[in-house]
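Report on one structure; see the data block that follows.
The values are calculated or read from the model by the stated rules, or taken from the named source; none is laboratory data. Because the structure is predicted, anything quoted here is derived from the model rather than measured. No Cβ is skipped: glycine too gets one built from the backbone with ideal geometry, and neighbour counts run over all protein chains shown.
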Amino acid sequence: MSGAEAMAEAAIRAGCRFYFGYPITPQSELAEYLARELPKRGGVFLQAESEIAAINMVFGASVTGARAMTSSSSPGISLKQEAISYMAGCELPGVIVNVCRGGPGLGNIAPSEADYFQAVKGGGHGDYRNIVLAPSSVQEAADLSYLAFDISEKYRNPVMILCSAVIAQMVEPVEFMSPRRPEEVEKPWALTGAKGREPRVIKSLRLSEQELEEHNRHLQEKYATVKAKEVRYETRYLEDAELVIVAFGTSARIVSTAVETAREKGYKVGLLRPITLFPFPTHVIRKLAERVKKFMVFELSAGQMVEDVEIAAAGKAAVNFYGRMGGSVPSPEEDFEKIVDCYRG
Amino acid sequence: MKLVFDRPKSMKDTVMHYCPGCSHGVVTRIVAEAIDILDIREKTVCVAPVGCAVFLYEYLNLDVTESPHGRPPAVATGIKRARPDLFVFTYQGDGDIAAIGLAEILSAANRGENFSVVYVNNTVYGMTGGQMAPTTMLGQRTTTTPYGKGAMDGRPLRMAEWIASLDGPSYVARMAVNTPANVKKARKTVIEAFRMQLEGRGMSFVEILAACPVGWGLSPIEALARVEKELIPYYPLGVLKSVDSHKAG
Ligand SMILES: Cc1ncc(C[n+]2csc(CCOP(=O)(O)OP(=O)(O)O)c2C)c(N)n1
């Protein structure tokens, strides 16, 4: 099964019954899978008139407390940003998959991870955060898709899954979690018609400065809780590492082969792979910076996550970078050479 | 003694922020009365626009959600697809529906989404201070057409006719609220539109010509006269489409 299909199947198993999307390569397989499956499994698939409409339909379904998702690729994700900001402001859950492609502009459809800033730093307007998950295998794409619905609902916040076409199109065996009935969890905020209760309002508008600042404070407290509780990452060979490679998603997948080669050849190289990009494993890097000499960040971009690694390392260890752009993907051999250069340099 | 006039149950006991002479208050009340008459308050979800009616949740005693500017038809689609048992309506201005949100309303109408649309056409962007809208009349002065609107600023869009040309909607009408008689007709029409949704017939759409004295630089009385003299001849009133053909006028 492909990563795109795995994310789709996992979403259904997580209780998502509503999908709204607009075609764009390289993620259409996700939508096409749901177009086949959702009607058979009591759900709704709707091809919207635009990405803007699609995310606003997710907004609407979410208003009723239903689990809903959309997916797209970079240019389409840009179009969704206003509504994602509204969802964050209204504290509505919802899952957004970005199968990132080369940019800027129309760019190309080749694998890229250059939407890191957009996903992690907000993307739309105002002080808000998406929770961002970055799978590096088909199995993990399925697991994170399943998880995304739970944490999105738990924190009443949009969750974005960020991956490249490599993960979306790659075919690997997958084991799925067992299907779950759409949550019967009480949602005291959902709009269901004011039957026997006071009317409810979903809004982000708060005209008075005091009220809006208070709401922002509440959001920031929530993000602080997310940072404290939801950081996920994988590590390899950190015990005696002198050089720590930091990479996520597809970059991590490729560089992990280079790390294995380096270890075989006796280089003390370790790997830190953030699985959550927000919240970022800042504390892990901060601690490592006290004992390792160097970090090297590999990305499919001009260098975006590297800024967060630099902030975390706080000048205590050198931070190097190697990135490919525009849909180009390095080979493990290429990454290995860069690792050796950095190690020796 | 018989009580002949009271606040609808679907309305909160509060002061509206609408300007003197603005038609929004009348339309808001008509909507609340229609919901009371059909006894659907407890299963209603309203999608409020960005525009002068953004505070609808302060006035309507119902579940209400906000929506990004122009997107209420997409939000309502999401709500109605997730919960077909709910009664869902959008309340939108002409900037919201006929400019930034054209794709959303036309697409939702074309799909025949089973929700209702109350569209308040005051020929300007009221909330942002009276700028030109797609419905602004040719020659009309607004803050962004200080020399009068020209043809290449866009001819005034007749949304109701456009929506009525699609197969999806069940019911399309245009009404006005400039006289007591028209208010009564508008209320009857809104009830009829809402009933269409309750019967599962597909989108019902009511455009209501509204006065915006402040946006037009007129007194409330002059503004109502303008609706009669300038708007109604260009935006004719009536039921443009009804799947119950005997009801079409
Ligand atoms: C994306 C976006 N663009 C612009 C605005 C600013 N804005 C707020 S209300 C409005 C127009 C409202 O006019 P209309 O829909 O005709 O409703 P009215 O206020 O006249 O009732 C605009 C342009 C906004 N809030 N969001």
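Here's the yes/no breakdown for (1) farther than 16 Å from residue A:254 by Cβ; (2) in the same structural domain as residue A:77 (by TED's automatic domain parsing); (3) surrounded by 20 or more Cβ atoms within 10 Å (Cβ to Cβ):
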| position | (1), (2), (3) |
| --- | --- |
| A:101 | yes, yes, yes |
| A:107 | yes, yes, no |
| A:110 | no, yes, no |
| A:122 | yes, yes, no |
| A:125 | yes, yes, no |
| A:132 | yes, yes, yes |
| A:135 | no, yes, yes |
| A:142 | yes, yes, yes |
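Can you find a residue that is outside the structural domain of residue A:89 (by TED's automatic domain parsing) and under 28 Å from residue A:60 (Cα atoms) anywhere in the stretch A:244-252?
Keep residues of the stretch A:244-252 that are outside the structural domain of residue A:89 (by TED's automatic domain parsing), which gives A:244-252.
Of the ones still in play, those that are also under 28 Å from residue A:60 (Cα atoms) are none.
The answer is no, given that none of the residues of the stretch A:244-252 is outside the structural domain of residue A:89 (by TED's automatic domain parsing) and under 28 Å from residue A:60 (Cα atoms).
Taking residue A:114, is it touching a residue at least 40 places away in the same chain (Cβ under 8 Å) and either in a helix (DSSP H, G or I) or under 19 Å from residue A:220 (Cα atoms) (or both)? Judged against the criteria, residue A:114 is not a match.
Going through the stretch B:95-120 one residue at a time, which ones are touching a Lys or Arg at 6+ places or on another chain (Cβ under 8 Å), of a type outside the set (Asp, Glu) and within 13 Å of the ligand (Cβ to nearest atom)? Listed by number, the list holds a single entry, B:101.
Tell me the residue from A:297, A:292 that is surrounded by 17 or more Cβ atoms within 10 Å (Cβ to Cβ), over 28 Å from residue A:107 (Cα atoms) and in contact (Cβ under 8 Å) with a residue 40 or more places away in the chain, please.
Every option except A:292 fails the conditions.
Somewhere in the stretch A:176-186, is a residue within 14 Å of another protein chain (Cβ to nearest Cβ), within 30 Å of residue B:59 (Cα to Cα) and either without any contact (Cβ under 8 Å) to a residue 24 or more places away in the chain or part of a loop (DSSP other than H, G, I, E, B) (or both)? No, the stretch A:176-186 contains no residue that is within 14 Å of another protein chain (Cβ to nearest Cβ), within 30 Å of residue B:59 (Cα to Cα) and either without any contact (Cβ under 8 Å) to a residue 24 or more places away in the chain or part of a loop (DSSP other than H, G, I, E, B) (or both).
Taken together, A:180, A:206, A:200 contain a single residue that is in contact with a Gly (Cβ under 7 Å, 6 or more places away or on another chain), surrounded by 11 or more Cβ atoms within 10 Å (Cβ to Cβ) and of a type in the set (Lys, Arg), which is A:180. For the stretch B:32-57, a residue qualifies if it is part of a helix (DSSP H, G or I), within 15 Å of the ligand (Cβ to nearest atom) and more than 16 Å from residue A:193 (Cα to Cα), and the qualifying residues are B:52, B:53, B:54, B:55. For the condition surrounded by 15 or more Cβ atoms within 10 Å (Cβ to Cβ) and in contact with a Ser or Thr (Cβ under 8 Å, 6 or more places away or on another chain), residue A:192 qualifies.
Return the only residue of B:86, B:56 being surrounded by fewer than 24 Cβ atoms within 10 Å (Cβ to Cβ) and more than 8 Å from every other protein chain (Cβ to nearest Cβ). It would help to see each step written out before you state the result.
Values: B:86 fails: more than 8 Å from every other protein chain (Cβ to nearest Cβ).
After applying the criteria, what remains is B:56.
In this entry, residue B:78 is excluded by the filter for residues that are modelled with pLDDT of 95 or more and part of a loop (DSSP other than H, G, I, E, B).
In the stretch A:15-55, what residues are of a type in the set (Val, Ile, Thr) and away from every other protein chain (no Cβ under 11 Å)? Across the stretch A:15-55, the qualifying residues are A:24, A:25. When every residue of the stretch A:126-138 is checked against the conditions, at least one turns out to be within 16 Å of the ligand (Cβ to nearest atom) and not in a helix (DSSP H, G or I). Only residues that are of a type in the set (Lys, Arg) and free of Cβ contacts under 8 Å to residues at least 12 places away in the same chain were counted across the stretch B:1-44, and they come to 2. Whenever a residue of the stretch B:104-127 is at the interface with another protein chain (Cβ under 10 Å from one of its Cβ atoms) and in a helix (DSSP H, G or I), its partners that are more than 16 Å from the ligand (Cβ to nearest atom) and aliphatic (A, V, I, L, M), lying with C-beta atoms within less than 6 angstrom and at least six residues away or across chains, give the pairs B:110/B:166.
If you take the residues of the stretch B:59-83 that are under 19 Å from residue B:102 (Cβ atoms) and either of a type in the set (D, E, K, R) or without any contact (Cβ under 8 Å) to a residue 24 or more places away in the chain (or both), which of them is surrounded by the most Cβ atoms within 10 Å (Cβ to Cβ)?
B:78
Quick check on the stretch A:241-251. Is at least one of its residues touching an Asp or Glu at 6+ places or on another chain (Cβ under 8 Å) and closer than 14 Å to residue A:333 by Cα?
There is at least one residue in the stretch A:241-251 that is touching an Asp or Glu at 6+ places or on another chain (Cβ under 8 Å) and closer than 14 Å to residue A:333 by Cα.
Has the stretch B:191-201 got at least one residue that is under 26 Å from residue B:127 (Cβ atoms) and among the β-branched types (Val, Ile, Thr)? Checked the stretch B:191-201: no residue is under 26 Å from residue B:127 (Cβ atoms) and among the β-branched types (Val, Ile, Thr). Selection over the stretch A:56-89 of residues that are under 20 Å from the mean Cα position of the chain (by Cα), facing chain B (nearest Cβ under 8 Å), buried (at least 24 other Cβ atoms within 10 Å of the Cβ) and not polar (S, T, N, Q) gives a count of 5. So is residue B:77 at the interface with chain A (Cβ under 7 Å from one of its Cβ atoms) and in contact with an Asp or Glu (Cβ under 6 Å, 6 or more places away or on another chain) or not? Yes; evaluated as a whole, the condition is true for this residue.
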